[in-house]
Amino acid sequence: MRRPLRHRRRWPWIVLGSVGLLAVVWNWLVSAVDSYRDAGLSERDQYSGVYSLPVAVVTLLIAVIGLAVQSRQGRRALESVSGPVPAPPAGMTSLDVPEATVGEQIRGRASLITELTGMYEREARNMVRVRVLHGMGGVGKTTIARHVGGVLRRRGILVWFVSAAEQADLDAGMRQLADSLGASRYELTDGWARAPDVLWRHLEAYSRRWLLIIDNADDLSLLAPHGHSLAQKRGWIRPVGTRRGAIIVTSRNGDAQTWGDWCRLHPVGMLSTADGAQVLLDLAGPDSGTRDQAAALATRLGGLPLALRLAGRYLADAHRRPALEGQITTFAGYRATLDAEGIAAVFPDPDGQLTDVHAREVIAHTWELSLTLLETRKSLPHARNLLRLLSVLADAPIPYQAILDASTMAASPLFSGLNTTRLASLLAGLETFGLLDLGPPEPGASATLRLHPLIRDTSLFHLHAAGQTPAVFDLAAQLLFRAADRHGAHGDPANWAFFRLFAPHPIHVLAQAAAAPGPRQEVISNVTQAASLVTEYRASIGLFTAAAAEGRTIRATAVQVLGDEHPDVLNSSADVASFTGGAGDEASARDQYAALIPTVERVLGPEHKDTLLYRSNLAWFTGQVGDAVAARDQCAGLLPLALKALGDEHFVTLFIRHSLARFTGEAGDATRARDQYLTLLPSMRRTLGPIYNLTLHAEQQLAIWTGKAGDTATARDQLTDLLPVLQRALGPEHHDTLSARSDLAYWTGRVGDPAAARDRFADLPARFQQALGPEHRKTLNARAHLAYWTGWAGNPAAARDQLTDLLPVLQRVLGPEHRDTLSARFDLARWTGRAGNPTAARDQLTDLLPVLQRVLGPEDQETLRTRVAFADLPHRA
């Protein structure tokens, strides 16, 4: 969007005026410089006092002109890239402002919209920049905010839209916003414990004009840290200290003290009779009656915008086809029917104030007419039950194409006789009458729908009143389990778009179903399994800390109904252990599995697939902690059991073979590890697929053990081919992609180009820190490798200094006897000696050698190379 003409024309005149002033003083300035240059020392002191101020003014003027030109160029560059918010990455959500309905007009809110859209004008520089639109459900708060966002976006202002209806929606939206502002991956994962501070640090540094819309912020406890109020300015909403930005919040809460004196509250009430009548006429057209009749109906509906929209869309649809006998087609007929069916009891006084309870009744009476029309005219008797089913899902976009399955629904007494054609007609009919909003499909994902919060609330009210709660939760659990199970390959990036949309719903339904009277175990089991797949998806994309937190919530909820030895609860416990290890605490993960497995073996049996999987995970984390021999032996003992119980291409069997190969190599037999991977990978590619994350990890391990078996050039070439596959499948900043880059750098050095290896490692510690945190093992390994290749590239002193800084961190995080710590001690001694201090190096190796013999054994490669280096030092000295 181009800037206003008056602003575009102002700055050239400023620059021209400045140039003219320079031209006037130029001759004087030249002569002054000449006089100063030719003068003696005493005369120069006199000139300095006379000329210093004018020269400083001219210098300042030149700097201002330069800054003005640079600022304009920078602004043009920024404005040239303005546009829609990019598609969210996996695990995130969209920040786009929801599109308005085609032909939508907003009545009765002009002055409020003008004030809100004027916050970025020059004369508005001192305006309060946090605005709260508050009022009851259905008054149009979101519609106003959405309209304001659309207007400002067309003016070149970047607009973000985040739902605060659910904790998961709010967290996902703010995480996506922080990501778009440049937050590091670490800030988005482990650093997210101080999420509001992360977001505001980036917001305050942002140079473009922006608007953040936070919608449906009814529960203010979600907006501030635990134990703090929103007014304390420590939560998601804080005072905006720059006129580049602003915040608009929609909420049912209008308590000024709760919000704080730095927020300006705008009550959003009912529409006047005249505005309400115009809404009806806009939607239904003049064929439905006169303006006075529209005004009478608007009064009877209390001026509630949502009710007016439902009534108007009902009458508009009624006029699209020849009317049936007795069908309502006019404002007067609609009002008469409402009165006859009891709405007068809701409004005994037409001028009375509408409350939330009244609004629910108005909506109920209003949509009854729409639902009756769907039943009688379109032969769609399941509309009410579909709304009630959708109402138990989270207040978030619902990927209905993936969740709603006609055959599963038809098996329930709620939807007897339903088929796919009828389901599609049912959704289209409900959208026609404004009872739900169907959105377009996102790339690679299902299309979504949303319910208005008041329609959701009212549907839940009638669900409980009709005694359908058990049947609806039973069906919802079946549908969620089916959808999750069909996309259960959470390690396949092709399924990540589905899980991003699906994620809020199982955990929400689990909490609601568990809290309902007399929850059935089958319902809780189905939803627990679906929710667990969501957490496993989060771990697949690297959000280990978030996955562990959700896993603990799932386990705590499910155990109340299922008991602590139910297989689904045991699976949740295993998930939490795995995510804990993925987040970097591998010793804790090992200990959690060690404590869990005896119960699993007793409950499920020693050859159950879950028992074998959990034992293989125990072996994995045992090896990750540093005991490769024990890990190898555990996997070797498990493999015959898995082959017998599950077959040679079951996922668990493949994972055990993968672990066995990995730790065979770690235990010292690189050639055998390479050969095992060569045998394993064809089965993985065929069974799991070529871009499944376990397959990609095995491809990477094949390259590593090929190199360690002596073929360094082939290892480098394999990783060169693998890296672009990982970048496309997982993304360039995924920790597995970064690991492949690290391995490629290492084998590049081993081929004989240490300088290239050093250069490839240069940015990896920072990238690992962004992805996993400063003390994750992969971050520390990248730092160690950078030091290693810095030394081999010819700078042993720099390598020594890097390792001196790194070693205390390794000792604290991994422990003083971890293999990586011991290896770093050896490298420190090596580069200390080569930097010119062989005596200190000899002392370091003297201290290290007995520890290696005790911890790793006298024949371990690390011990042997330390002996050789120790023996070689006197000759180098």
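Worth a mention:
- Over region 729-796, the alpha carbon radius of gyration divided by the compact-protein estimate 2.2 N^0.38 Å works out to 1.05.
- Net charge over other residues, Cβ less than 10 angstrom from the Cβ of Val128 (K, R count +1; D, E count -1): +2
- Cβ-based net charge around Gln853, under 11 Å, with every Lys or Arg adding one and every Asp or Glu removing one: -1
- Kirkwood hydrodynamic radius of region 203-243, Cα pairs, Å: 11.7 Å
- Pairs of alpha carbons in region 599-691 separated by more than 23 Å make up 21% of all such pairs.
- Packing here is the average count of other Cβ atoms within 10 Å per residue, and on that basis the peptides 328-340, 767-779, highest first, run 767-779, 328-340.
- All lysines inside 22 Å of Lys708 as judged from Cα atoms, apart from same-chain residues fewer than 8 positions distant: Lys778
- Burial order of peptide ranges 843-852, 705-714 (average beta-carbon count within 10 Å, highest first): 705-714, 843-852
- Amide H to amide H distances under 5 Å link Val249 with Arg131, Val132, Leu133, Ile214, where only residues 5 or more positions off or on other chains count and H is placed in the peptide plane.
All of the numbers you see were taken from the coordinates with simple rules; none came from a lab. These numbers come from a predicted model, not from an experiment. Cβ sites come from the backbone with ideal geometry, for glycine too, and all protein chains shown count toward neighbours.
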